[in-house]
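Below: the structure, in structure tokens.
None of the figures in this text is laboratory data; all of them are computed from the coordinates on show. Values in this document were obtained by computation on a predicted structure and should not be read as measured data. Cβ placement follows ideal geometry from the backbone for every residue including glycine, while neighbour counts extend to all protein chains displayed.
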Amino acid sequence: MSKVLFVYAKGGPPLGYALSRVAARSAVHLLALSALPPTVAASADRLCASVLRPAESERHDLVSLIVSRAQAVGADAVVTFSEYAVVAVAEACEKLGLAGAGGSCALARDKRMMRRTWQERGISQPRFRPVATERDLHDAAAALRFPLLLKAAWSAGSTAHRILRSADDVPAAWERAREVMAESAQLGYAELHVADAGADFIVEEIVPGTATEWFDQEGWGDYVSVEGVVVNGDFRPVCLSGRMPTVEPFTERAGITPAALPHDAQQRVVALAREAVDALGLQNCGTHTEIKLGAGGQMWVIETAARFGGAMTVPQIEEVFGLDLIGMLTDHLLGRQVSWPAEVRTPQEAHGAAGSLVVLAVDGAGEAWPDQRVWDFPTVRDAVPLSAGSHLSVVAENSLPDGTPVPVYDPAAGANTMAALCLLSATDPETVIRDFRTLVEALPQTLPTAGVTTEVRS
């Protein structure tokens with residue numbers, strides 16, 4: 001039987017979901033670089049041929065650790081679905097002679113190199129500058145047009161994003177962004193392979209997006225992501241995911257599959273995504289490419305990742321299009337024949353729709369809740385009215401236990417202050433949007449007030 005070394009770190013699709021898909025294809029040996037979620041620990045022992053949790057002292061050379069472990073278990077493939085481990089795994093695969101993202105994987109991880117590569121190719125993107133010091137940020141602010149967005153070059157999940165509306169904002173933005181990167185590292189949300197990656201930043205112009213010229217329905221955000229895969233250097237787009245509007249500065253609130261774009265608009269988005277992915281020279285990996293939508297058909301590439309979209313993006317694709325992307329990529333890395341979609345899937349080919357909602361302590365307008373509430377999914381499930389045919393569930397692995405206070409939203413910390421992740425299945429994407437708007441408005445009234453004893457129900 002074939003053997004796969006699964007390198008786990010925080011981020012990406014839920015571990016329980018990904019692990020079950022890989023285990024269906026091969027014997028799995030798990031290399032856990034982050035603590036396993038409590039809800040998955042038992043099933044991991046059952047699904048895996050071995051589980052290794054290396055000591056901190058063993059991680060100083062992550063590539064060598066992955067190589068040695070792969071050799072020890074006789075791995076035929078090495079996979080990861082975490083943003084924070086993709087570069088190390090790609091380099092390890094190169095040393096092992098196994099299929100992987102390839103030697104240019106860092107271009108899809110370091111936003112500075114990514115943007116420079118696109119700039120050299122003339123690919124549409126916001127104007128930007130790399131920054132390593134507060135002085136660099138002052139100089140960049142003088143050269144670019146406000147408003148600006150400061151972001152960490154190696155971050156994920158909208159962490160350490162700060163909006164600058166004038167030069168006066170530079171000192172506070174620089175200090176807070178660096179603080180958040182340090183805090184994120186303590187939580188395990190940080191690059192695992194590149195030393196001092198938390199000190200690298202870029203600042204970019206905030207381009208004027210619009211959703212109304214692209215979508216027929218209100219409630220959509222002004223950017224989409226093209227989900228896909230690179231197979232032996234050939235980009236294969238799978239489908240488009242849409243968003244609800246982000247919470248300031250640019251924290252994602254919800255992702256919806258499929259994005260309800262007209263056919264011609266979808267084709268133009270995919271063409272731009274193809275340019276962006278092709279420029280990075282990736283070889284064998286999932287891809288997740290975010291594109292901002294503007295007036296008059298304008299588009300800008302925001303970023304690409306050499307892995308599948310995080311949160312519930314991949315499970316949503318399996319639900320509505322019947323494509324098990326993790327299983328398919330595992331088969332491909334093992335040298336098996338895989339029937340990838342010949343063309344990007346359209347909303348008309350979807351069976352219903354699915355969306356994931358990040359529970360943040362802000363209302364639909366992005367304003368903080370007036371008081372602190374306690375997360376309690378049974379209350380939400382029973383009290384919030386949804387559309388006929390809609391089904392709401394909670395992703396336990398990515399959610400606080402019922403009875404836990406919902407964290408106060410911190411714009412700089414982004415998704416680090418989420419309370420829960422909910423999955424909605426519905427008849428169509430428009431219904432997902434409508435039900436999510438209902439949920440967002442209902443949560444601060446429906447959830448119990450912090451400090452009030454509640455009975456936790458199942």
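Taking 7 Å steps out from each Cα toward its Cβ at residue 234 and residue 213 produces label points 3.5 nm apart.
The helix-based estimate of mean residue ellipticity at 222 nm for the chain, built from -39,500 (n - 2.57) per DSSP H run of four or more residues and divided by its residue count, is -9500 deg cm²/dmol to the nearest 500. Peptides 287-299, 305-317, 124-136 ranked from most to least packed by the mean count of surrounding Cβ atoms within 10 Å: 305-317, 287-299, 124-136. Take 97-110, 344-357, 176-189 and order them by the average number of nearby Cβ atoms within 10 Å per residue, most first; the result is 97-110, 344-357, 176-189. Rounded to the nearest Å, what's the spacing between the alpha carbon centres of the stretch 112-146 and the stretch 1-31? Just the number, please. Measuring centre to centre over Cα atoms gives 37 Å. If you take the square roots of the eigenvalues of the alpha-carbon gyration tensor of the stretch 158-251 and sort them as a ≥ b ≥ c, do you get rounded (a/c under 1.5), prolate (a/b over b/c) or oblate? Here the stretch 158-251 falls in the oblate category.
Could you tell me which of rounded, prolate or oblate describes the chain, using a ≥ b ≥ c as the square roots of the eigenvalues of the alpha-carbon gyration tensor, with rounded for a/c under 1.5 and, failing that, prolate when a/b is larger than b/c and oblate otherwise? Note, shape of the chain comes out rounded.
Within the shell defined by Cβ-Cβ distances under 13 Å, the residues around residue 404 carry a net charge of -1, with Lys and Arg each +1 and Asp and Glu each -1. Among residues other than residue 215 with Cβ under 15 Å from its Cβ, the summed charge is -2 (Lys and Arg +1, Asp and Glu -1). Annotation for the stretch 262-334 versus the stretch 387-458: alpha-carbon center distance of 26 Å. Work through the residues other than residue 418 whose Cβ is under 14 Å from its Cβ and net out their charges, Lys, Arg +1 and Asp, Glu -1. The answer is 0. Nearest 5 is fine: what % of DSSP beta bridges in the chain come out antiparallel, could you say? In the chain, approximately 80 percent of DSSP beta bridges are antiparallel ones.
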